[in-house]
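Student: Can you read through this structure? Questions will come right after.
The values are calculated or read from the model by the stated rules, or taken from the named source; none is laboratory data. Quantities reported herein were computed from a predicted structural model and do not represent experimental measurements. Here the Cβ positions follow ideal geometry from the backbone for every residue, glycine too, while neighbour counts run over all protein chains shown.
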Amino acid sequence: MSDVAKCPTCGSHSRIKTKDGEITYQAVQDEDAFKKVGQMKKALEKFKAKAEALEAELKALKTDKT
């Protein structure tokens, strides 16, 4: 997932992508799309935290079993 920030040249909300060491900015045209990107990032972070907690619990259960 790409990061969203303000473009240094035009000041619009843009997706930041790095390709071959070069940073490119792609404008987010719709304010609703910008909000959705933020919501998706938050949901992904929550899912990632839950997955890490479950992995830690599984590892603990496996070590207790042996």
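Student: For the range 23-46, does any single residue satisfy the condition of being part of a loop (DSSP other than H, G, I, E, B), at pLDDT 80 or above and among the polar types (S, T, N, Q)?
Tutor: Within the range 23-46, the subset part of a loop (DSSP other than H, G, I, E, B) is 28-30.
Going one step further and asking which of them are at pLDDT 80 or above, we end up with none.
No, because not a single residue in the range 23-46 is part of a loop (DSSP other than H, G, I, E, B), at pLDDT 80 or above and among the polar types (S, T, N, Q).
Student: Kindly provide the set of residues from the range 7-22 that are in contact with a strand residue (DSSP E or B) (Cβ under 7 Å, 6 or more places away or on another chain) and either on the phi > 0 side of the Ramachandran plot or not in a loop (DSSP other than H, G, I, E, B) (or both), ordered by number. Don't jump to the end; show me each part of the working.
Tutor: Of the residues in the range 7-22, the ones in contact with a strand residue (DSSP E or B) (Cβ under 7 Å, 6 or more places away or on another chain) are 7, 12-17.
If the condition is that a residue be in contact with a strand residue (DSSP E or B) (Cβ under 7 Å, 6 or more places away or on another chain) and either on the phi > 0 side of the Ramachandran plot or not in a loop (DSSP other than H, G, I, E, B) (or both), then His13, Ser14, Arg15, Ile16, Lys17 are the ones that fit.
Student: Could you list all residues from the range 47-66 that are of a type in the set (S, T, N, Q) and modelled with pLDDT under 85?
Tutor: As a first pass, look at the range 47-66 and keep what is of a type in the set (S, T, N, Q): 63, 66.
The one that is of a type in the set (S, T, N, Q) and modelled with pLDDT under 85: Thr66.
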